[in-house]
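The values are calculated or read from the model by the stated rules, or taken from the named source; none is laboratory data. Bear in mind that the values here come from a model prediction, so they are computed numbers and not experimental data. Cβ: placed from backbone, ideal geometry, glycine included. Neighbour counts: every protein chain shown.
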Amino acid sequence: MPTSSPVTPAPGELEIVRAFVNTLDIESGADLMRDPDAWASWAGAHGLASQATAADLRFGRRLREALRAALLANHDRAPLPPATIEALDAAATRSRLTVRFTSDGPTLRPVGTGADAVYGRIVSAVAASLADGTWSRLKVCAADDCRWGFYDTSRSRTGQWCSMSICGNRAKQARWRDRTGRT
């Protein structure tokens with residue numbers, strides 16, 4: 001996890017998706033979905049009042065990893081992977097998403113409570129970002145030992161690393177060592 005680099009938040013509700021994917025720090029192994037107390041702390045820090053059972057958290061971890069796979073696919077501008085579609089559909093069903101109409105247009109709102117309401121909010125954010133074109137900029141770091149979610153602000157939409165100064169630099173150093181035969 002790039003703790004020393006600035007984080008560019010994703011726009012609007014898409015930020016909750018980025019934050020949700022980042023509940024697991026692959027490099028350190030820290031998982032904010034490891035138990036109900038850790039989940040409640042994360043949810044509270046993001047303005048989400050949420051209780052969760054062990055079963056809710058197992059479901060959430062599967063959703064999180066399905067989303068991570070989709071963010072990795074965004075590097076190749078690929079469509080949503082089938083497993084991500086299944087996970088989003090399951091979360092939409094659990095959260096009992098409904099359509100609400102406002103003067104700004106239709107929005108999806110979860111009727112479910114607890115963790116299911118959070119999962120519904122995530123599904124709603126994914127749907128809105130697919131519709132408005134911001135989804136393709138939400139990615140995970142290309143480094144296998146990182147996979148931290150980030151919002152790609154590059155003009156060409158080709159950002160690969162959560163942080164150029166950390167993961168990007170490590171990748172450049174590794175390529176240089178491979179090219180020169182140095183260790």
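Checking LEU24, LEU57 one by one, the residue that is within 23 Å of ASN74 (Cβ to Cβ) and of a type in the set (A, V, I, L, M, F, W, C) is LEU24 and no other.
Sub-7 Å Cβ pairs linking a first residue in the range 38-54 that is under 14 Å from TYR119 (Cα atoms) to a second residue that is modelled with pLDDT of 95 or more and among the hydroxyl-bearing types (Ser, Thr, Tyr), at least 6 apart or interchain, are TRP42/THR23, ordered by first then second residue. Just wondering, is there one or more residues in the range 128-142 that are free of Cβ contacts under 8 Å to residues at least 60 places away in the same chain, touching an Asp or Glu at 6+ places or on another chain (Cβ under 7 Å) and outside any loop (DSSP other than H, G, I, E, B)? No: the range 128-142 contains no residue that is free of Cβ contacts under 8 Å to residues at least 60 places away in the same chain, touching an Asp or Glu at 6+ places or on another chain (Cβ under 7 Å) and outside any loop (DSSP other than H, G, I, E, B). Screening the range 104-127 for residues that are among the polar types (S, T, N, Q) and either part of a helix (DSSP H, G or I) or closer than 26 Å to MET33 by Cα (or both) and picking the one that is modelled with the lowest pLDDT gives THR113. Kindly state which helices (runs of 4 or more DSSP H) lie completely within the range 1-103 and contain at least 2 residues that are surrounded by 18 or more Cβ atoms within 10 Å (Cβ to Cβ) and under 12 Å from the mean Cα position of the chain (by Cα). Filter on the range 1-103 gives 14-21, 54-73. Here is a list of conditions, (1) on the phi < 0 side of the Ramachandran plot; (2) at pLDDT 95 or above, and ARG96 meets all of them except one; can you say which number that is? Of (1) on the phi < 0 side of the Ramachandran plot; (2) at pLDDT 95 or above, only one is false for ARG96: (1). Under the condition of being farther than 17 Å from VAL99 by Cβ and surrounded by fewer than 21 Cβ atoms within 10 Å (Cβ to Cβ), the residues counted in the range 116-128 number 0. Scanning the range 98-127 for residues that are touching a residue at least 24 places away in the same chain (Cβ under 8 Å) and more than 19 Å from GLU15 (Cβ to Cβ) yields GLY114, ASP116.
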